[in-house]
Every structure is written in structure tokens, then in C-alpha cells.
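Have a look at the structure below before the remarks.
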Amino acid sequence: MQKTIRFFGSTGAEYEFAEMAAEANWVHHAGVAVFARRDAYGWRVIRITELSGRDHDVRPIWAFHDAQRYGADTVFVSAAVSAAARRAMIEDMEAGLDPVLASSSNELALAA
């Protein structure tokens, strides 16, 4: 049984996420990933990133490694098939959660 958690965006929208093992195959899900660390006040969100669900997309892996440098040790994933829905969710959550690293920071160049 997977542990689930809810995060809220600035609009008040509620998003349900499943906790995944860091070494699990979470990169291959289409959706949104939250990299976090538990602290005295609950979960500290380090970074939020989009998961395209494509096997060759390494951006989420690099985003997780980057978040680990700031203390992230837990991965939460929420399924979202539509790219527009994923981007809207990220925008709403970043506005409401104040993550340590914004999703637009340190973006990797895409191969042409």
C-alpha cells in the first residue's frame, strides 16, 4: 500500500500524490513529481517538476539529484496525462508552497 499525501495550490486546489521509493521507476509516469524532506513542521518541498512519461526524458532525474543537494529524500508523484494540466498544477503549487527551487531554475537544455 502506497502512502498518499495532499498538497494544496494557491487557488486552494487539492492535489493527491503517492509516495514513491527514490529508486523506483517513478520517472516513467506522466504527471508531476514533488521532491521533499520531512522537517519539524511537516514536509518541506524542495522542488516540483513535470514528468513527461517518456523513457528518454532525463530532466526529472537531474531535477531530483539537484533537489537532493538541498536535502530532498522523498519523491511524491501525481498522475496527470495532459501536459497543460501538469503545467497548471506546477504553477498553482509553486505559487502556494514556496519550494526551495523553482521548477524554472537550472533547467537543462533539450536535445534538438
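The values are calculated or read from the model by the stated rules, or taken from the named source; none is laboratory data. Being a predicted model, the structure only gives us computed values, none of them experimental. With ideal geometry, Cβ positions are generated from the backbone for all residues, glycine too; neighbour counts draw on all protein chains shown. Ligands, DNA and RNA are excluded from the accessible area calculation, which covers all protein heavy atoms including side chains. Shrake-Rupley method; radii C 1.70, N 1.55, O 1.52, S 1.80 Å.
Some notes on this structure:
- Carbon and sulfur %, accessible surface of region 2-87 computed with the full protein complex present, 1.4 Å: 51
- Database remark: amide H of Ala13 closer than 5 angstrom to no amide H (H placed geometrically; neighbours at sequence offset of 5 or more, or on other chains; Pro and chain starts carry no H).
- A simple packing score, the average count of other Cβ atoms within 10 Å per residue, orders the peptides 47-53, 57-63 as 47-53, 57-63, with the highest score first.
- Note on Ala95 and Arg69: the model spin-label points, each 7 Å out from Cα along the C-beta direction, lie 2.9 nm apart.
- Over all pairs of different C-alpha atoms, the chain has a mean inverse distance whose reciprocal, the Kirkwood radius, equals 13.9 Å.
- Per residue solvent-accessible surface (Å²) - the chain, probe of 1.4 Å: 58
- Selected from Leu97, Ala67, Val81, residue furthest toward positive end of dipole (region 1-105; charges at beta carbon): Ala67
- Test item: Cα-centred dipole of the chain, Lys/Arg +1 and Asp/Glu -1 on Cβ, debye: 120
- Each 10 Å bin from zero up to the one holding the largest Cα-Cα distance in region 16-69 carries the following percent of pairs: 23, 58, 17, 2.
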